[in-house]
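Data first, discussion second: the structure below is written as C-alpha cells.
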Amino acid sequence: MNRLRPNAFLVELRHWLVCLLLCIGWSGTVVAQQEPIKPKEINKSPDTLHILDPYLIRIRPPGAVERGATDSLATPLSKAVADSVLTQRDSVFYSKLKANMYKHRLTRQLYDVIFQDVYNSRIKTGEVSQLEVNPFNAFEGRIIGNIYIRRLSVFGQTVYDTLRNPANWIERSANRLHTNTREHVILRSYLLFQQGDVVNPTVLRDNERLLRSTSIFHDARILVVPHPGSRQFVDVYVITQDVWSLLPNGGFGGFTNFSVGFDQLNFRGLGHQLFAQVAFNSRDPRQKVEYQARYRVPFIGKTFMTAEANLLYLRDLKQVSFKLYRPFLTPDMKYAGSIEVNHTQINNRVVDRNDSVIFVPLTYNYSDVWIGRSFRLFFRQSNSDEQGRSRLTIALRNTNYEYLKRPDVTADTNQIYQDSRTTLFSIGYSRRKYVRDVLIYGFGRTEDVPVGQSVVGIMGYDNAELGQRLYTGINFSQGKYVRRMGYLYGLVSLGGYSRQGKIEQGVFSFESNYFSPLMKSRWGNMRHFFNTRFTTGINRFSNEYVSLGGSGAGINTDGIGINTDALRGTKRWFINYENILFSRLNLIGFRVAFITFANLGLVSFPDRALLRGPLYQGYGIGFRLRNENLTFNSFQIRLAYYPNIPNNSIPFRQAFEGIPTLRFRDFDVSAPQIIPYQ
C-alpha cells in the first residue's frame with residue numbers, strides 16, 4: 001500500500017481539521033471584517049478587491065465577544081445581505097478547499113456531504129425564488145456616506161469572485177487593450193443615488209438592474225456596508241465588469257466588392273457608442289460607394305437622457321436623423337419623453353397581390369414628440385417586493401409625416417403615403433418587479449425577468465390628408481412565473497381608425513411566450529421555449545400585408561425561417577418551439593448550446609379561411625456559441641428542413657449566422673403608439 005508523503009499528510013490533516021471545526025460547532029458566529037476601508041486602497045491595485053469586499057468572513061468560537069465594532073453585519077438583519085452576496089459568489093477559500101479535497105475519494109465524498117457550491121447552485125438547479133428578499137432592506141433609512149467604484153477587467157474577474165485571474169495570455173492582452181468605463185462616468189451618469197441620500201432599497205435594486213441592462217456592462221453588483229464607527233452612515237460599493245466593446249465588421253468579395261467598418265460600444269471609456277461602415281461595389285451602376293454612421297451618448301449627466309445621431313447614405317435609403325429620449329428606466333421614474341426628427345429618401349419595395357415587385361421612390365420629413373408622467377399608486381409598503389410597484393401613467397404624443405416626393409394619392413390608391421399629423425393620448429396602469437434568473441436568453445450572465453402586468457388605453461386624432469379620423473386602441477399584457485411550470489407571458493392588442501362610422505386599418509393581435517424551468521441533465525442544463533403569435537387585419541389598405549417570411553430559426557425569428565414573398569396575407573398565425581441544451585463545453589471562453597427547433601405557420605388573404613390553408617413548416621438542429629464578455633452576437637450554425645415552402649427548390653438549408661441577444665418584454669408604459677400590423 002502506498003504511504004502518504006509528509007506534505008500530503010499535512011494537507012489531509014488540514015482538511016480534517018476544517019471539517020472537524022464545522023461539525024462540532026466551532027463555526028460559531030459569522031462576522032464581517034472590521035478593518036476600515038480606504039478609497040486609495042481600492043484603486044492602487046487590481047488585486048485588492050478582497051480588501052474591498054465587506055463579506056470576507058472569519059471563524060470564532062461561540063460566545064466570544066467581538067471588540068471594537070460599533071456596526072457589525074452580524075445582526076439578524078444581515079441574513080438578507082448575506083443572501084444577496086455570500087450565496088452568489090464562490091469564495092476563493094472554498095474554491096481552493098474543494099480543489100484540494102477533490103484529490104482523494106474519501107475527502108471528496110466528505111466535501112460533497114458538508115459543502116454546497118453556492119455560486120453555481122442557481123445555474124445547476126434553475127430554481128427561482130418567487131419571493132426574493134431585497135438585500136438592501138437591512139439598511140433602509142440610513143444615510144449614504146462614501147461611494148466607491150470598482151471596475152473589473154473584461155476577462156478573468158467576475159462580480160462574484162474578484163480574485164480570479166485571466167486564464168491565458170490572450171485574455172491578459174485583451175484586458176490591457178480595453179479601456180474600462182471611467183469612474184466619473186459611472187458616478188455621474190449611471191447611478192440613481194448620491195452621497196447624502198437616504199438608503200432606499202428599491203432604488204439600489206433598480207440601479208443594479210439598470211447597470212446590467214446597459215450594453216457596456218457584462219454584470220454589476222452593489223454592496224452596502226456600515227461605515228466604520230457609525231450606526232447612521234453606510235458606504236456603498238458599486239462593482240462593474242465591462243464587456244469587450246470593439247466589434248469590427250465587414251465583408252470581402254474581391255477588390256471590386258467589399259465593406260469595412262466597426263462598432264465601438266464604449267468609446268474611450270466614456271460610454272459613448274460609435275458605429276461606422278463603408279461599402280464599395282464597382283459593378284453597381286446606381287451607386288458605387290455606400291456609408292453609414294451612428295453616434296450615441298447615453299445617460300447625459302444625471303438626466304438619464306440619451307442623444308443619438310444617424311447618417312445613412314445607401315443605394316435605396318438615405319437618411320439624416322437626430323433623437324433625444326428618456327424612457328421610464330425604473331418604475332419610480334416620474335417623467336419620460338422623446339424628440340425625434342429625420343429627413344428620409346427611400347426606394348420603398350412593394351409587392352402587389354399578383355406578386356409583382358415595384359420600387360416606389362419616396363422623400364419625406366418626419367417628426368415625433370412625446371412626453372409622459374408617471375404617478376405612484378398607493379399600496380402597502382411591506383408588500384412592494386412581493387407584489388411589485390404600481391404606477392398610473394399618462395402620455396401625449398404628436399407625429400407628423402410630410403411627403404416631398406411620392407406617387408399620386410387618392411381615396412382608393414396609395415393611401416399609406418398621405419400626409420398626416422397624428423395626436424395620441426394614452427392612460428395606462430402597470431405593476432412590475434424583476435426576478436433574477438440565469439440561462440434563458442444569456443449563457444450564464446444574470447438576467448432580470450420582468451413579472452407583472454399592464455393595461456393601456458389609447459385614443460387620438462389623425463389629421464390626415466384624406467380626412468380626419470379617430471384612433472382607439474387597447475393593450476393588455478401579463479407575465480409571471482407559474483409554480484413548477486416556468487414563465488408565461490401574454491399580450492393582447494386591438495386597435496384601428498374610424499372614419500364616418502367605418503373602421504379602417506384595424507388590427508387584432510395575440511402573442512404568448514413561455515419557457516420552462518431549468519432542467520438538469522448529465523450533459524448540461526436544458527430549457528424548453530414555446531412562442532405563438534396571431535395577427536389579423538381589419539379593413540386594411542390594398543397594399544398592406546403581413547408575412548411569414550423571415551430569416552433565423554427557433555425563438556430568434558418571427559417567421560418560418562426563409563425570406564420569401566410567397567408567404568403573404570392579411571392574417572397569419574405563427575407557432576415556434578425550441579429546445580436549448582446549455583452544455584458544459586467551453587471553447588476558449590465561448591459557451592456552447594445545442595438547439596432543436598420547429599417553426600409552423602398559417603397565412604391567408606380574406607378570401608380564404610386561415611385554418612383551411614396549408615401548414616407551412618420548418619424543422620432543424622444546430623448549436624450556438626457565445627462569450628458573454630464580448631459584444632459579438634451569438635454565433636449559430638444550423639441545418640434546417642423546409643418541406644412545403646412555395647417557390648423553394650432547396651428544402652434542406654444550412655446557415656452560419658449571428659444571433660442577437662433577445663430581451664424580455666417589459667411592463668413599462670411608454671409613448672402612445674399605433675398598434676403595429678406585423
- Query: What trypsin sites (Lys or Arg not before Pro) does region 487-583 have in DSSP loop regions with at most 14 other beta carbons within 10 Å?
  - Reply: ARG522
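Quick one: Kirkwood hydrodynamic radius for region 451-508, alpha-carbon pairs, angstrom, one decimal?
13.4
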- Query: So, with +1 on the Cβ of K and R and -1 on the Cβ of D and E, and no other charges, what is the size of the charge dipole of region 375-498 about its Cα centre, to the nearest 20 debye?
  - Reply: 820
- Note on the structure: Total charge of the residues flanking GLY253 in space, meaning their Cβ is under 15 Å from its Cβ, with Lys and Arg +1 and Asp and Glu -1, is 0
- Message: Just to be sure I understand the model, the point goes 7 Å from the Cα along the line to the Cβ. What's the resulting ILE474 to ILE575 distance in nm?
- Response: 2.8
- Query: Once you charge only the Cβ atoms, +1 for Lys and Arg and -1 for Asp and Glu, what is the size of the charge dipole of region 203-322 about its Cα centre, to the nearest 20 debye?
  - Reply: 180
- Message: Taking a cut-off of 19 Å, what percent of all Cα-Cα pairs in region 528-647 are separated by more than that?
- Response: 52
- Taking the alpha carbon gyration tensor of region 606-678, what are the square roots of 5 times its eigenvalues, largest first, to the nearest whole Å? 29, 27, 9
- For region 429-572, the Cα gyration tensor yields equivalent-ellipsoid semi-axes (√(5λ), largest first, whole Å) of 36, 21, 11
- Task: Per residue of region 480-487, in order, report the coupling 6.51 cos²θ - 1.76 cosθ + 1.60 (Karplus, θ = phi - 60°) as ³J(HN,Hα) in whole Hz, putting x for Gly and Pro.
- Result: 6, 7, 9, 3, 6, 10, x, 10
- Message: About the Cα centre, and with charges only on the beta carbon of Lys, Arg (+1) and Asp, Glu (-1), how big is the dipole of region 143-258? Nearest 20 debye, please.
- Response: 100
- Message: Using 0.36 nm times the number of residues separating SER498 and ASN398, minus their current alpha carbon distance, what extension gain do you get?
- Response: 34.1 nm
- Task: Can you pull the one-decimal nm distance between simple spin-label points at LEU611 and LEU488, each 7 Å off the Cα toward Cβ?
- Result: 2.1
- For PHE510, what is the net charge nearby, where nearby means another residue's Cβ is under 12 Å from its Cβ and Lys, Arg count +1, Asp, Glu -1? +2
- Item | Residue-count net charge about ARG373 - beta-carbon cut-off 15 Å; Lys, Arg +1, Asp, Glu -1 | +3
- One-quarter of the Cα convex hull surface for region 139-228, in nm²? 6.6
- Over the Cα atoms of region 342-477, how large are the radius of gyration and the largest Cα-Cα distance (Dmax), in Å? 21.5, 62
- Query: Residue by residue through region 491-496, which ³J(HN,Hα) values in whole Hz follow from phi under the Karplus form 6.51 cos²θ - 1.76 cosθ + 1.60 (θ = phi - 60°), with glycine and proline marked x?
  - Reply: 9, 10, 9, 8, x, x
- What residue among PRO228, LEU204, HIS218 has its Cα farthest toward the positive end of the dipole of region 158-282, where the charges are +1 on Lys, Arg and -1 on Asp, Glu, each on the Cβ? PRO228
- Message: Given the options ASN249, GLY269, ASN281, identify the residue whose Cα lies farthest towards the positive end of the charge dipole of region 225-297 (+1 on Cβ of Lys, Arg; -1 on Cβ of Asp, Glu).
- Response: ASN281
- Note on the structure: Residues whose built amide H sits under 5 Å from the amide H of LEU585, excluding neighbours closer than 5 in sequence, are VAL592
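Here, each number is a calculation from the coordinates, and none is a lab measurement. Everything quoted here is computed from the prediction, not taken from an experiment. Using ideal geometry, Cβ is built from the backbone for each residue, glycine included, and neighbour counts are taken over all protein chains shown.
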